[in-house]
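Below is one structure, written out as structure tokens; the observations come after it.
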Amino acid sequence: MSIIIKTKEEIEIIREGGKRLADVLEKVSQMVKPGISTWELDKYAEKLIKDGGDYPAFLNYKPDGADTPYPASLCVSVNEEVVHGIPNKNKILKEGDIVSLDLGLRHKGLYTDMAVTVGVGEISNGAKKLLETTHRALEVGIGVARVGNRIGDIGHAIESFVRPYRYGIVEVLAGHGVGCEIHEDPYIPNFGKAGTGAKLVKGMIIAIEPMLNNGTKNVVLEKDGWTFRTADRKKSAHFEHTILITDGDPEILTAN
Ligand code: MF3
Ligand code: CO
């Protein structure tokens with residue numbers, strides 16, 4: 001594989017898809033409250049995407065190495081779950097939980113990817129700080145996604161920003177190119193060495209997605225073959241945007 005530079009026409013479509021995705025994820029976030037099941041959130045996300053004439057990108061997605069296709073539209077990862085939590089009718093959100101909502105959308109054949117983590121009702125100060133820091137880590141990564149910089153600069157910026165907080169940065173999962181497929185080159189770790197890796201070029205579209213744990217960086221894959229959770233069962237947060245590399249400031253394609 002190699003890095004795909006998007007055409008003007010492709011960028012137009014992905015920009016529209018990103019707006020739609022951000023709008024759907026905002027609406028789904030507003031449904032998060034004590035008593036709702038993660039399955040209901042998934043069904044709502046799927047309906048909103050389909051009502052817009054688009055397709056949920058994760059549904060039946062089977063990356064290389066996965067044994068089974070992903071069985072839902074939305075990834076819902078609660079508390080110690082890091083990413084790729086499978087929605088379930090029996091998984092009911094409760095006050096104090098934190099929930100990562102990760103969603104992909106295909107609009108006119110092209111893909112965008114986005115995630116947010118939100119609290120259920122009132123959450124602890126510790127959880128608030130984890131969410132806020134992870135969100136800021138994403139902003140820091142986006143801030144260095146500029147022509148002239150390299151992929152390693154993104155991870156380095158995120159890692160340097162997070163270090164004083166002593167959160168675990170998940171290393172086995174990463175950001176990625178996106179657009180023609182849900183996962184394309186380049187692979188974008190949330191840690192790394194400045195000045196290394198591929199150069200950022202105008203017209204690249206990438207998803208940046210830091211995952212921070214309130215404890216060890218180590219994660220384990222659950223028996224369902226999809227859900228990653230923290231090894232020490234401490235809480236984890238995740239934010240993701242799809243962005244366009246431009247001549248100037250990066251453009252967030254999944255902004256509200
Ligand atoms: N945003 C997720 C990622 O980049 C996409 C998950 S695909 C799924 O890892 F199939 F697991 F849902
Ligand atoms: Co992603």
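The values are calculated or read from the model by the stated rules, or taken from the named source; none is laboratory data. Note that the structure is a prediction, hence the values are computed from the model and not measured. Here Cβ is always computed from backbone atoms with ideal geometry, including for glycine, and neighbour counts include all displayed protein chains.
Which residues, taken from segment 54-80, are in contact (Cβ under 8 Å) with a residue 40 or more places away in the chain and over 14 Å from Gly225 (Cβ atoms)?
Within segment 54-80, Asp54, Tyr55, Pro56, Ala57, Phe58, Leu74, Ser77, Val78, Asn79, Glu80 meet the criteria.
May I ask you to list the residues in segment 32-64 that are within 14 Å of Arg106 (Cα to Cα) and among the polar types (S, T, N, Q)?
Within segment 32-64, just Asn60 meets the criteria.
Going by the conditions given, is Asp102 modelled with pLDDT of 95 or more, over 18 Å from Gln30 (Cβ atoms), within 9 Å of ligand 1 (Cβ to nearest atom) and among the charged types (D, E, K, R)?
On the way: modelled with pLDDT of 95 or more: yes; over 18 Å from Gln30 (Cβ atoms): no; within 9 Å of ligand 1 (Cβ to nearest atom): yes; among the charged types (D, E, K, R): yes.
Criteria not met by Asp102.
Can you tell which of Val201, Val172 is within 16 Å of ligand 1 (Cβ to nearest atom), part of a loop (DSSP other than H, G, I, E, B), aliphatic (A, V, I, L, M) and modelled with pLDDT of 95 or more?
Within the list Val201, Val172, the selection yields Val172.
So which pairs qualify, if the first residue must be in segment 227-256 and farther than 13 Å from Asp102 by Cα, the second must be among the β-branched types (Val, Ile, Thr) and in a loop (DSSP other than H, G, I, E, B), the Cβ gap must be under 7 Å, and the two must be at least 6 apart or on different chains?
From segment 227-256, the pairs are Thr230/Thr216; Ala231/Thr216; Asp232/Thr216; Ile245/Val201.
Could you please find all residues in segment 201-216 being among the small types (Gly, Ala, Ser) and more than 16 Å from ligand 2 (Cβ to nearest atom)?
Gly203, Gly215
Check whether at least one residue in segment 26-38 is surrounded by fewer than 17 Cβ atoms within 10 Å (Cβ to Cβ), of a type outside the set (S, T, N, Q), part of a helix (DSSP H, G or I) and more than 16 Å from ligand 2 (Cβ to nearest atom), and report yes or no.
yes
With the condition kept exactly as written, say whether any residue in segment 160-171 is of a type outside the set (A, V, I, L, M, F, W, C) and touching a residue at least 60 places away in the same chain (Cβ under 8 Å).
Taking segment 160-171 as the starting set, the residues that turn out to be of a type outside the set (A, V, I, L, M, F, W, C) are 160, 163-168, 171.
Those left that are additionally touching a residue at least 60 places away in the same chain (Cβ under 8 Å): 168.
Checked segment 160-171: at least one residue is of a type outside the set (A, V, I, L, M, F, W, C) and touching a residue at least 60 places away in the same chain (Cβ under 8 Å).
Restricting attention to segment 170-182, which residues are surrounded by 19 or more Cβ atoms within 10 Å (Cβ to Cβ) and more than 11 Å from ligand 2 (Cβ to nearest atom)?
Answer for segment 170-182, where residues must be surrounded by 19 or more Cβ atoms within 10 Å (Cβ to Cβ) and more than 11 Å from ligand 2 (Cβ to nearest atom): Val170, Gly179.
Taking segment 204-213, which residues are in a loop (DSSP other than H, G, I, E, B) and within 20 Å of Val116 (Cα to Cα)?
Start the filter on segment 204-213 by keeping residues that are in a loop (DSSP other than H, G, I, E, B), which leaves 204, 209-210.
Glu209, Pro210, listed by residue number.
Only strands (runs of 3 or more DSSP E) wholly contained in segment 69-130 count here; list those with 2 or more residues that are among the polar types (S, T, N, Q) and out of contact with any Asp or Glu (no Cβ under 7 Å at 6 or more places or on another chain).
Details: elements: 74-78, 81-83, 98-107, 110-119.
The strands (runs of 3 or more DSSP E) meeting that bar are 110-119.
So, Tyr44, is that one hydroxyl-bearing (Ser, Thr, Tyr), closer than 30 Å to Arg233 by Cβ, in contact (Cβ under 8 Å) with a residue 12 or more places away in the chain and in a helix (DSSP H, G or I) or not?
Values: hydroxyl-bearing (Ser, Thr, Tyr): yes; closer than 30 Å to Arg233 by Cβ: yes; in contact (Cβ under 8 Å) with a residue 12 or more places away in the chain: yes; in a helix (DSSP H, G or I): yes.
Against the criterion (hydroxyl-bearing (Ser, Thr, Tyr), closer than 30 Å to Arg233 by Cβ, in contact (Cβ under 8 Å) with a residue 12 or more places away in the chain and in a helix (DSSP H, G or I)), Tyr44 qualifies.
Here are Asp232, Asp224, Asp185: which of them is outside any loop (DSSP other than H, G, I, E, B), out of contact with any Pro (no Cβ under 7 Å at 6 or more places or on another chain) and either within 16 Å of ligand 2 (Cβ to nearest atom) or not β-branched (Val, Ile, Thr) (or both)?
Working: Asp232 fails: outside any loop (DSSP other than H, G, I, E, B); Asp224 fails: outside any loop (DSSP other than H, G, I, E, B).
Exactly one of Asp232, Asp224, Asp185 is outside any loop (DSSP other than H, G, I, E, B), out of contact with any Pro (no Cβ under 7 Å at 6 or more places or on another chain) and either within 16 Å of ligand 2 (Cβ to nearest atom) or not β-branched (Val, Ile, Thr) (or both), namely Asp185.
For segment 48-81, which residues satisfy the criterion of being surrounded by 15 or more Cβ atoms within 10 Å (Cβ to Cβ), more than 10 Å from ligand 1 (Cβ to nearest atom) and not aromatic (Phe, Trp, Tyr)?
Step one: of segment 48-81, the residues surrounded by 15 or more Cβ atoms within 10 Å (Cβ to Cβ) are 48-49, 52, 54-59, 61, 70, 72-81.
Subsequent filtering for residues that are more than 10 Å from ligand 1 (Cβ to nearest atom) retains 48-49, 52, 54-55, 76-81.
Result: Leu48, Ile49, Gly52, Asp54, Val76, Ser77, Val78, Asn79, Glu80, Glu81.
If only one of Thr246, Thr227 is within 12 Å of ligand 1 (Cβ to nearest atom) and surrounded by 14 or more Cβ atoms within 10 Å (Cβ to Cβ), which one is it?
Details: Thr246 fails: within 12 Å of ligand 1 (Cβ to nearest atom).
Checking each option against the conditions leaves just Thr227.
What are the residues in segment 188-198 that are more than 15 Å from ligand 1 (Cβ to nearest atom) and either in contact (Cβ under 8 Å) with a residue 40 or more places away in the chain or outside any loop (DSSP other than H, G, I, E, B) (or both), if any? Write out each step before concluding.
So in segment 188-198, the residues more than 15 Å from ligand 1 (Cβ to nearest atom) come out as 191-198.
Matches in segment 188-198: Gly192, Lys193, Ala194, Gly195, Thr196, Gly197, Ala198.
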